[in-house]
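See structure below.
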Amino acid sequence: MKLIDDYAPIVGEDVIHHIREISAPLRGLKVVHVNSTKIGGGVAEILDRIVPLMMELGIEARWEVIKGEEKFYECTKSFHNVLQGKYVPISDLLLRAYELTNQENAEALRSVLEEADMVFVHDPQPLPLLKWTPKRRGKWLWRCHIDLSHPYRPIWKYLREFATGYDASIFSLADFAQPLPHTQYLVPPSIDPLSDKNIELTPRDIRETQDQFDIDPDRPIILQVSRFDRFKDPIGVIRAFRLAKRFSPGLQLVLAGGGASDDPEGGIVLKEVREEANNDPDIRILVLPPDAHRSINALQRGANFIIQKSIKEGFGLTVTEGLWKAKPVIGGDTGGIRLQIIDHHTGFLVSTPEGAALRIRYLLRQPGKAQEMALKGKEFVRQNFLITRHLREYLSLMVALLHGDEDRVEFQM
Ligand code: UDP
């Protein structure tokens, strides 16, 4: 496990010093993070790092994962879709499974949740836990990672009822915040530069992974790493690739993904992707195990360009990962990707396969400009989207929540 001091060479001593100072009053605090999957997807990726760091700072942090049956995940996947603006019907039966699963999990976690000083509930899956924990003594925060900018109203209204009892909520960006009767914080996610996913690798490591997956290192490679999810638009990526290939015949596309245990739709989307790829020898579709962090790291480092052509995206850690590896990144013009890609500066924002293909062509023809953008992107991530900034913001808001208004000094301009 990495120690907080190991981040000093990357982010500076002052940042580490500040983290230690803010965390001092939080030592011994019982903090619980709850989500619905241990592996797969951005939330698990973050918790896997932020919980040990909190522990290292003396906070009694733990991570609990709620368990459910098929109907529960079917329901929460539908929530994910409708909250991000894609309507699908959700039956009363599914809603009942959702509530019942939360009630059962609240019972199973009863003592942990009641005794916690602070509970971070991640995303809609475990949101109703609070309702079934009437004797809680700590502060509860709802940490919403998804794009809530245009939710399907009836379902948001239903979920909002569960959210109103919380002491605060956290969104990744201002566009996603919704009217709620408590304080809302804006905290973008982050990546860990020292994790297997992001640590420096040798050219040999990269080459080995490319050989393993039969990728030709001598031809340009464009890569999208994503769960097989329609919001990630893997079909649009294949279309962009086909257009780009017209002017760069040697181009290869790698679509690397796997499932998250709370995402039942992955298999269906993967099938659609395979059909669209139609056995094209220049398209590699890699289904990776959930712990393939080093392989993903090597694929990202070995790629010439990273694409994340999402049509909805809460944040897009894969964009951050690509930028951090100083790769030119083409991202969908949506949600959290907009926070990371400053168009023409730290990467390119696109809305269509045609737009993506044009950007690929530009990057292939302008390697100097591509390199300049990539370096700017890396610096942008260093300043804004590393785990140390994330941790510091969580610690600050924990201090703020625990102390309420009593120690607050208001300045008037
Ligand atoms: N990821 C992974 N294996 C996969 C697909 C994705 O490890 O097969 C990782 C990816 O590298 C990133 C995270 O899962 O760290 C995905 O986060 P993102 O915010 O991009 O999307 P989400 O899946 O949370 O919608």
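Going by what's in this entry, would ASP218 be described as open to solvent by 50 Å² or more (accessible area, probe 1.4 Å), touching a residue at least 40 places away in the same chain (Cβ under 8 Å) and over 26 Å from ARG160 (Cα atoms)?
Spelling it out, it is not the case that ASP218 is open to solvent by 50 Å² or more (accessible area, probe 1.4 Å), touching a residue at least 40 places away in the same chain (Cβ under 8 Å) and over 26 Å from ARG160 (Cα atoms).
Can you list residue pairs whose Cβ atoms sit under 6 Å apart, with the first residue in the range 56-79 being of a type in the set (Ser, Thr, Tyr) and the second being not in a strand (DSSP E or B)? Count only pairs 6 or more apart in sequence or on different chains.
TYR73/ASP262; TYR73/PRO264; THR76/GLN125; SER78/VAL88; SER78/ILE90
Looking only at residues in the range 4-39 that are among the basic types (Lys, Arg) and more than 28 Å from ALA256 (Cβ to Cβ), which one is least open to solvent (accessible area, probe 1.4 Å)?
Looking only at the range 4-39, we keep the residues that are among the basic types (Lys, Arg), and these are 20, 27, 30, 38.
Now restrict to residues that are more than 28 Å from ALA256 (Cβ to Cβ): 20, 27, 30.
Values: ARG20: 97, ARG27: 155, LYS30: 78 Å².
Ranking the candidates gives LYS30 first.
Answer yes or no as to whether LYS369 is within 12 Å of the ligand (Cβ to nearest atom) and among the basic types (Lys, Arg).
So LYS369 does not fit the description; no.
Can you find a residue in the range 320-342 that is more than 30 Å from PHE171 (Cβ to Cβ) and crowded, with 22+ Cβ neighbours inside 10 Å? Outline the logic, then answer.
Our first condition is that a residue be more than 30 Å from PHE171 (Cβ to Cβ); within the range 320-342, this holds for none.
Scanning the range 320-342, I find no residue that is more than 30 Å from PHE171 (Cβ to Cβ) and crowded, with 22+ Cβ neighbours inside 10 Å, so the answer is no.
Among what's in the range 40-73 and is within 19 Å of the chain's Cα centre (by Cα) and part of a loop (DSSP other than H, G, I, E, B), pick the residue that is surrounded by the fewest Cβ atoms within 10 Å (Cβ to Cβ).
Restricting to residues being within 19 Å of the chain's Cα centre (by Cα) and part of a loop (DSSP other than H, G, I, E, B), the top hit is GLY40.
Taking the options PHE411, PHE380, PHE348, name whichever one is among the aromatic types (Phe, Trp, Tyr), more than 30 Å from LYS30 (Cα to Cα), at pLDDT 95 or above and surrounded by fewer than 23 Cβ atoms within 10 Å (Cβ to Cβ). Give the steps one after another, and end with the answer.
Details: PHE411 fails: at pLDDT 95 or above; PHE348 fails: surrounded by fewer than 23 Cβ atoms within 10 Å (Cβ to Cβ).
Answer to the check: PHE380.
Need at least 2 residues that are more than 19 Å from PRO193 (Cβ to Cβ) per element, so show me which helices (runs of 4 or more DSSP H) inside the range 258-350 make the cut, counting only ones lying wholly within it. First the steps, then the outcome.
On the way: elements: 266-277, 293-302, 317-324, 337-340.
The helices (runs of 4 or more DSSP H) meeting that bar are 266-277, 337-340.
For residues in the range 182-227 being under 19 Å from the mean Cα position of the chain (by Cα) and of a type in the set (A, V, I, L, M), which is farthest from the ligand (Cβ to nearest atom)?
Filtering first and then ranking leaves LEU186.
LEU251 fails exactly one of the following numbered conditions: (1) in contact with an Asp or Glu (Cβ under 6 Å, 6 or more places away or on another chain); (2) aliphatic (A, V, I, L, M); (3) farther than 22 Å from TYR87 by Cβ. What is the number of that condition?
(1)
The values are calculated or read from the model by the stated rules, or taken from the named source; none is laboratory data. This structure is a prediction, so every number in the text was calculated from the model and none was measured. Note that we place each Cβ from the backbone using ideal geometry, even for glycine, and neighbour counts take in every protein chain shown. Ligands, DNA and RNA are stripped out before the accessible areas are found, and what is left, the full protein with its side chains, is counted by its heavy atoms. Shrake-Rupley method; radii C 1.70, N 1.55, O 1.52, S 1.80 Å.
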